[in-house]
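Read the structure below first, then the notes.
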Protein chains: 2
Amino acid sequence: MDNIEKKCKSKGVKLTEQRKIIAKVMSKSRDHPDVDELYKRVSEIDSKISIATVYRTVKLFEESGILAKHDFKGGKARYEEISESHHDHLIDVNTGEIIEFVNEDIEKLQKTVADKLGYQLIDHKLELYGKKK
Amino acid sequence: MDNIEKKCKSKGVKLTEQRKIIAKVMSKSRDHPDVDELYKRVSEIDSKISIATVYRTVKLFEESGILAKHDFKGGKARYEEISESHHDHLIDVNTGEIIEFVNEDIEKLQKTVADKLGYQLIDHKLELYGKKK
DNA sequence: ATAATTGCAAATGCTTTGCTTGTGA
DNA sequence: TCACAAGCAAAGCATTTGCAATTAT
């Protein structure tokens, strides 16, 4: 049983055949696929799954705190499994490749900034766009 | 002549009656309107302007480096005039209100991060989502 | 003069939804 | 069993585009 399946169990998300397949594909994905790409991968395992189910599942998993949704430039939402460790993203403007990184100093400064403005930080989004040197 | 009109002149962007109106409205906007809101404001000055023109103009201004486009959560793109001084945004999750802020330390760290990963920083997006304390 | 811009409506692309049939706990 | 999920196609929403008429330089 893969990671996402386990999370579904622990969060009380009902598991169907389709959801298991989507869970498996996302669990082993090391990139950040959009729904089309995910649908393509899932279809190779079960060609009868509809894209509506993929959309519904991905939304369900997101609402359950299992997947993270990213709206990077490009119009299509991209997903990744939520991991214990928080990270941000650097997007290669030429290839679309995504590199994950962690920077504690930036994290702390964000909290400080929000605090100074009289806000409690709920969430944040940091994306760097760059090109290979 | 407002700020945006001046920028159009200096960048060689042709000015039409419609573009002048859109320029004026954006120039005096202190918030970050989406296209619908902008269209509404523009329509009060000239009710014959079509929303297609607003979309086209906003895109043209963005490509000319006159307006900045933001894809905050919520599905609709929001725009603001590009000012000399760079800033990031804190979005009030309850009201949708946007507070601008500047933090040089974060800026520097971003460059450092990209650099360490072997990238030249082209652009970045930092959004904080918070609620009033 | 004439290449570019507008307005309109139709088209697009991603995502959601209504409805009927199928299915997991 | 039976509330919930899947499949399909149609609908939604923000945004873009083709085309004929209009306009800025």
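Checking B:Asp115 against (1) within 7 Å of chain A (Cβ to nearest Cβ); (2) open to solvent by 30 Å² or more (accessible area, probe 1.4 Å), which test does it fail?
(1)
Based on this model, can you work out whether B:Arg30 counts as open to solvent by 50 Å² or more (accessible area, probe 1.4 Å) and in a helix (DSSP H, G or I)?
No; evaluated as a whole, the condition is false for this residue.
Among the listed residues A:Gly75, A:Gly65, A:Gly12, which satisfies the condition of being more than 14 Å from DNA strand D (Cβ to nearest atom), open to solvent by 30 Å² or more (accessible area, probe 1.4 Å) and either in contact with a helix residue (DSSP H, G or I) (Cβ under 8 Å, 6 or more places away or on another chain) or not polar (S, T, N, Q) (or both)? Give the derivation first.
Working: A:Gly75 fails: more than 14 Å from DNA strand D (Cβ to nearest atom); A:Gly12 fails: more than 14 Å from DNA strand D (Cβ to nearest atom).
Just one listed residue meets the conditions, A:Gly65.
Residues to consider are B:Glu37, B:Glu84, B:Glu80; find the one that is away from DNA strand C (no atom under 15 Å from the Cβ), without any contact (Cβ under 8 Å) to a residue 12 or more places away in the chain and surrounded by 15 or more Cβ atoms within 10 Å (Cβ to Cβ).
Numbers: B:Glu84 fails: surrounded by 15 or more Cβ atoms within 10 Å (Cβ to Cβ); B:Glu80 fails: without any contact (Cβ under 8 Å) to a residue 12 or more places away in the chain.
Criteria check complete, one pass: B:Glu37.
Contact list please: Cβ distance under 6 Å, first residue in region B:10-30 and in the same structural domain as B:Arg41 (by TED's automatic domain parsing), second residue acidic (Asp, Glu) and within 15 Å of DNA strand D (Cβ to nearest atom), pairs at least six apart or on different chains.
Hits for this filter: B:Ile21/B:Asp46; B:Ala23/B:Glu5.
Looking at the structure I just gave you, is B:Leu67 within 16 Å of DNA strand C (Cβ to nearest atom), closer than 25 Å to A:Leu90 by Cα and away from chain A (no Cβ under 14 Å)?
Numbers: within 16 Å of DNA strand C (Cβ to nearest atom): yes; closer than 25 Å to A:Leu90 by Cα: yes; away from chain A (no Cβ under 14 Å): yes.
Yes.
Tell me the residue from A:Glu37, A:Glu5 that is under 16 Å from the mean Cα position of the chain (by Cα) and under 22 Å from A:Glu100 (Cβ atoms), please. Don't jump to the end; show me each part of the working.
On the way: A:Glu5 fails: under 22 Å from A:Glu100 (Cβ atoms).
Going through A:Glu37, A:Glu5 in turn, the sole match is A:Glu37.
Please verify whether region A:9-23 includes one or more residues that are within 30 Å of B:Asp123 (Cβ to Cβ) and either more than 14 Å from chain B (Cβ to nearest Cβ) or within 13 Å of DNA strand C (Cβ to nearest atom) (or both). Write out each step before concluding.
First, the residues of region A:9-23 that are within 30 Å of B:Asp123 (Cβ to Cβ): none.
Scanning region A:9-23, I find no residue that is within 30 Å of B:Asp123 (Cβ to Cβ) and either more than 14 Å from chain B (Cβ to nearest Cβ) or within 13 Å of DNA strand C (Cβ to nearest atom) (or both), so the answer is no.
Condition first: open to solvent by 40 Å² or more (accessible area, probe 1.4 Å) and over 19 Å from B:Arg78 (Cβ atoms). Now tell me which residues in region B:45-54 satisfy that.
Answer for region B:45-54, where residues must be open to solvent by 40 Å² or more (accessible area, probe 1.4 Å) and over 19 Å from B:Arg78 (Cβ atoms): B:Ile45, B:Ser47, B:Lys48, B:Ser50.
The values are calculated or read from the model by the stated rules, or taken from the named source; none is laboratory data. Just so you know, these numbers come straight off a predicted model, no measurement behind them. In this analysis, Cβ positions are derived from the backbone assuming ideal geometry, glycine residues included, and neighbour counts consider all displayed protein chains. Ligands, DNA and RNA are stripped out before the accessible areas are found, and what is left, the full protein with its side chains, is counted by its heavy atoms. Shrake-Rupley method; radii C 1.70, N 1.55, O 1.52, S 1.80 Å.
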